[in-house]
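Bear in mind that the values in this text are calculations on the coordinates, not laboratory data. Model, not experiment: these values are computed from the prediction. Cβ placement follows ideal geometry from the backbone for every residue including glycine, while neighbour counts extend to all protein chains displayed.
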């Protein structure tokens, strides 16, 4: 029996936000989140990260503010592109 090498991939802030959004979409269906959003990470890893992160950092729960900021940037970029196309 051979021990499988552990593959650790650092969690980026964007990964944490993606996890939060996945939980909003799939609930606590960690297998679905693993299958459709994070196939490179195990379901238990996802669950542990989610609950650990929520208890560590309340800012993690405030993804709506970031989504609003991201939407504002996207709207601004869209306006610039439309302006350039109309010139």
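Label-to-label distance for residue 73 and residue 18 is 1.5 nm, based on points extended 7 Å past Cα in the beta-carbon direction.
Packing-based ranking of 29-39, 71-81 yields 29-39, 71-81, ordered from highest to lowest mean Cβ neighbour count within 10 Å.
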